[in-house]
1. Helix-only estimate, please: 222 nm mean residue ellipticity of the chain, summing -39500 (n - 2.57) across DSSP H runs of length 4 or more and dividing by its residues, to the nearest 500.
2. For the cross-link pairs Lys92/Lys205; Lys2/Lys92; Lys4/Lys41; Lys4/Lys73; Lys73/Lys133, which exceed 27 Å when the distance is taken from alpha carbon to alpha carbon?
3. Using 7 Å Cα-to-Cβ label points, what is the Ala25/Ser124 separation (nm, one decimal)?
4. Would you list Ser206, Ser18, Ser5 from fewest to most Cβ contacts within 10 Å?
5. Compute the acute angle (0 to 90°) between the alpha-carbon long axis of helix 2-25 and the principal axis of greatest extent of the alpha-carbon atoms of the chain; round to the nearest 10°.
6. In degrees from 0 to 90, rounded to the nearest 10, what is the angle of the helix 37-63 Cα long axis to the longest principal axis of the chain?
7. Please list, ordered by chain and number, the residues whose modelled amide H lies under 5 Å from the amide H of Ile89; skip anything fewer than 5 residues away on the same chain.
8. Quick one: which of 40-52, 75-87, 192-204 comes out on top by average Cβ neighbours within 10 Å, and what's the full order, highest first?
Amino acid sequence: MKVKSYSSLGIIVLLTISLVVISNALNGVVLFENFSWQINKHIAYQAITLFISFFLLLFLRRFKKNEFLTYFKKGNVSAKIYPVPIVGIKPKAHENWSHTGKNLAIVITLVTAVVIYFQVIKGSQIEITTVLKILPFSILFALTNSFVEEIITRFGVVVSLKNILPDKYISIISGLIFGTVHFWGNPGGIVGLLVAGFLGWFLAKSILETKGIFWAWFIHFLQDVIIITALLSI
């Protein structure tokens, strides 16, 4: 069982690295002449990575069936959330994932918006008409990108390591993988690593405690709307 689980984790790490490689390899790809190069790149990238995520789902369904069936669902969005005072997660007696998920979705989205402003937007001349024009693309790409990254760097890690390591370590490993790869992403650098690392840890915690991907996918989607809209607008 351990060999199978660590082999699955190895595949997760390789697939995570492949996301960066694929993204860089698609620079300059043009599929549709009437779209910008950024939109063309995203169309190609999302199609390829969706295929990869579906392959991974089939793999996990085959080799880690029990864990796959436990977590590949919406889950209990109002499940109990366990406190982690060191990072400010101190729910009151009546609070659960429904409360914390909503509150931290807002906080994390605001933090992401601030980081993206300073790393991507500041100094650029962005018009509201441009933002509105590309928003439908941003929403679509955010849906697919957040799904792909959640399946690979979150769901895949949880399914691979469940019943092998304690939950708290599974969340940390997911955060490390997600944070490290974002050093070369958006947001990037040390700040990007820290923000993405915390997000990865928190979203893995949500999957483990709610036994589902709802909060992880939803919160990640909100961040990607901000990030992708900024990248497509500049």
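Derivation of every value follows stated rules applied to the coordinates shown; laboratory data play no part. Please read these numbers as outputs of a predicted model, since none were measured by experiment. We place every Cβ from the backbone using ideal geometry, glycine too, and count neighbours over all the protein chains shown.
1. Theoretical 222 nm ellipticity from helices: -24000 deg cm²/dmol.
2. In this structure, Lys2/Lys92; Lys4/Lys41; Lys73/Lys133 exceed 27 Å between Cα atoms.
3. A separation of 2.6 nm, rounded to one decimal place.
4. Ser18, Ser5, Ser206
5. Tilt relative to the chain: about 10 degrees.
6. So the inclination is approximately 20 degrees.
7. Val84
8. Ranking, from highest mean packing down: 192-204, 40-52, 75-87.
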